Amino acid sequence: MAKRRYRRRRRAQKGFITWAPWKKALAIVGGTLILLTTAGVAFAASKLGKLETTKLDTTKLNISKEIEHNETGYLNVALFGLDSRDGTLTAGDRSDTIIIASLNRETKEVKLCSVFRDTLLEQPDGSYNKANAAYATDDAEGAVAMLNKNLDLDIQHYATVNFNALVDVIDELGGIEIDLKTPEEVQLVNGYGNETSKVTGKELKLLDHTGKQLLNGVQAVSYSRIRYQVFDGDPQDGTDFRRAERQRYVLEQVVKKAQTANLSTLNRIIDKVFPKVATNFTLAEILAYAKDAFDYKLTDMSGFPFDKLTATLSGVGSSVVPDDLESNVIQLHKFFFEDIAYSPSSTVISISSAIQSYATNTIPDEEAVYYEDPVGNYNYSDPGTGTGYTEQPTEPDYGSTDGTTGDGSSTTDGTTGDGSTIDGTAGGNPDASGSGSGDGTGDSGNAQGTATEG
């Protein structure tokens with residue numbers, strides 16, 4: 001017996017420990033979890049390394065000290081979409097898409113509000129210009145600071161994407177369903193598609209009918225860029241308000257499909273899109289939010305300003321003017337944070353007064369200079385008539401705003417063509433409403449549309 005006790009002591013001294021089976025299992029599981037967690041973080045880090053990451057100086061973000069920001073249960077993020085032809089994500093390009101996303105971390109509800117890009121707001125240098133100018137002059141930091149200052153918000157995170165990156169996302173998701181309500185809307189998707197196709201290097205597939213249909217990336221992004229008249233009876237038809245509305249709708253459909261996508265699809269999207277995204281989210285923050293990503297639900301969307309006027313302003317151009325910024329900001333806070341009491345800061349009150357004063361500095365319409373979106377001249381015709389699409393290789397001539405003649409075109413098959421297309425119908429500049437008509441004969445399909453001032 002003494003020998004056996006001695007041998008057991010020697011084994012113990014050499015480090016041989018006899019574990020119970022449950023302890024062995026626990027050790028194996030624990031080690032496996034540590035290994036998987038480490039591998040998962042490393043995998044995530046390799047993916048996030050594709051992002052263009054930056055830092056924002058929080059002391060320069062114009063977060064008002066007058067306002068008690070009680071939105072501790074919320075994450076507010078500024079989303080910028082750049083219409084950059086060369087794919088850059090830095091200052092120099094205006095942010096044609098500006099969306100504020102507010103995530104309620106308790107209820108897992110998400111609300112989106114577009115800030116119309118032409119909204120007259122105070123810029124980082126104290127001047128007054130369109131909201132989308134801040135990104136071009138002061139990069140993401142200046143654009144976030146502009147939103148905080150004008151809207152009394154606490155935004156400390158942002159994400160910027162070349163809006164054309166959505167083409168890849170939508171294609172990987174298998175397309176999204178959109179209801180194209182009028183022939184003009186179909187035609188405009190094809191027209192914008194010409195430019196989107198050139199920028200992204202992806203094939204343009206022309207649409208040939210109205211109604212609900214599955215659009216690919218080029219088609220859906222082109223739909224989201226429409227701000228010409230589509231003649232659907234909406235009083236805001238043909239305005240930037242409708243474009244922002246389309247953009248929010250496209251994003252809504254993308255989110256819905258992404259939440260049901262498999263891991264393989266999401267992995268391909270990450271690989272393609274992350275190199276086209278700039279953000280100041282850290283790896284730790286992204287991992288923390290990612291675990292709950294599929295629990296969040298998009299519950300409401302809107303556009304800012306809620307109450308607005310339009311005017312052509314000296315030195316600024318065609319603008320969206322908040323009809324009293326102060327009351328609009330109050331509405332914005334109620335939209336995002338229903339139960340949190342809010343009163344505008346002295347800064348917002350001052351800016352509101354300055355905007356009202358600046359908005360009186362209008363210029364006559366005949367002196368206005370309008371921006372024309374590059375739209376290829378594609379024509380829609382009902383396949384039931386036996387006609388199809390004709391591509392005009394030259395850029396369309398939109399005519400002018402003073403009622404002079406602009407070119408129209410139509411597709412014909414040796415029969416009389418209808419000249420009431422994008423050029424003839426929209427009249428002059430793409431920002432003004434107008435009307436026109438024309439007819440053409442022969443197989444060229446060219447027609448003259450007389451534009452009337454909108």
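Counting residues in the range 322-330 that are touching a strand residue (DSSP E or B) at 6+ places or on another chain (Cβ under 9 Å) and assigned to a loop (DSSP other than H, G, I, E, B) gives one or more. Looking for something among the charged types (D, E, K, R), under 16 Å from Arg246 (Cα atoms) and either touching a Gly at 6+ places or on another chain (Cβ under 8 Å) or free of Cβ contacts under 8 Å to residues at least 12 places away in the same chain (or both) - is there at least one such residue anywhere in the range 187-197? No, the conditions are met nowhere in the range 187-197. Being touching a residue at least 40 places away in the same chain (Cβ under 8 Å) and either basic (Lys, Arg) or in contact with a strand residue (DSSP E or B) (Cβ under 6 Å, 6 or more places away or on another chain) (or both) is the filter here, so list the residues in the range 282-309 that pass it. Tyr296, Lys297, Leu298, Thr299, Asp300, Met301, Ser302, Gly303, Phe304, Pro305, Lys308, Leu309, listed by residue number.
Does Val189 qualify as being of a type in the set (Val, Ile, Thr) and in a helix (DSSP H, G or I)?
Values: of a type in the set (Val, Ile, Thr): yes; in a helix (DSSP H, G or I): yes.
Judged against the criteria, Val189 is a match.
Just to verify a result, which residue in the range 115-153, among those that are part of a loop (DSSP other than H, G, I, E, B) and acidic (Asp, Glu), is farthest from Gly317 (Cα to Cα)? Quick ask: steps written out before the conclusion?
Step one: list which residues in the range 115-153 are part of a loop (DSSP other than H, G, I, E, B), which gives 116-118, 123-127, 131-132, 152-153.
Those left that are additionally acidic (Asp, Glu): 118, 125, 152.
On the way: Asp118: 9, Asp125: 19, Asp152: 26 Å.
The residue in question is Asp152.
Checked against (1) surrounded by fewer than 17 Cβ atoms within 10 Å (Cβ to Cβ); (2) touching a Leu at 6+ places or on another chain (Cβ under 7 Å), Ala341 passes all but a single condition, namely (2).
For the range 190-227, taking the residues that are over 20 Å from the mean Cα position of the chain (by Cα) and among the acidic types (Asp, Glu), the one that is farthest from Leu180 (Cα to Cα) is identified as Glu203. Close Cβ contacts (under 7 Å, 6 or more residues apart or on different chains) running from residues in the range 52-64 that are among the polar types (S, T, N, Q) to residues that are assigned to a loop (DSSP other than H, G, I, E, B) and surrounded by 14 or more Cβ atoms within 10 Å (Cβ to Cβ) comprise Thr53/Asn280; Thr54/Asn280; Thr58/Gln156; Ser64/Asp152; Ser64/Ser345. Can you name the residue in the range 313-325 that is crowded, with 19+ Cβ neighbours inside 10 Å and farther than 16 Å from Ala133 by Cα and, of all such residues, is nearest to the chain's Cα centre (by Cα)? Top of the filtered list is Pro322.
In the range 60-107, how many are more than 28 Å from Ser350 (Cα to Cα), under 21 Å from the mean Cα position of the chain (by Cα) and at pLDDT 90 or above? Quick ask: steps written out before the conclusion?
Filtering the range 60-107 down to residues more than 28 Å from Ser350 (Cα to Cα) leaves 73, 81-90, 92-93, 103-107.
If we keep only those that are under 21 Å from the mean Cα position of the chain (by Cα) as well, we get 81-90, 92-93, 103-104.
If we keep only those that are at pLDDT 90 or above too, we end up with 103-104.
Qualifying residue count, the range 60-107: 2.
Of the residues making up the range 264-321, those that are assigned to a helix (DSSP H, G or I) and under 23 Å from Phe336 (Cα atoms) are Glu285, Ile286, Ala288, Tyr289, Ala290, Ala293, Phe294, Asp295.
The values are calculated or read from the model by the stated rules, or taken from the named source; none is laboratory data. Computed from a predicted structure; not experimentally measured. Backbone-built Cβ (ideal geometry, glycine too); neighbour counts: all protein chains shown.
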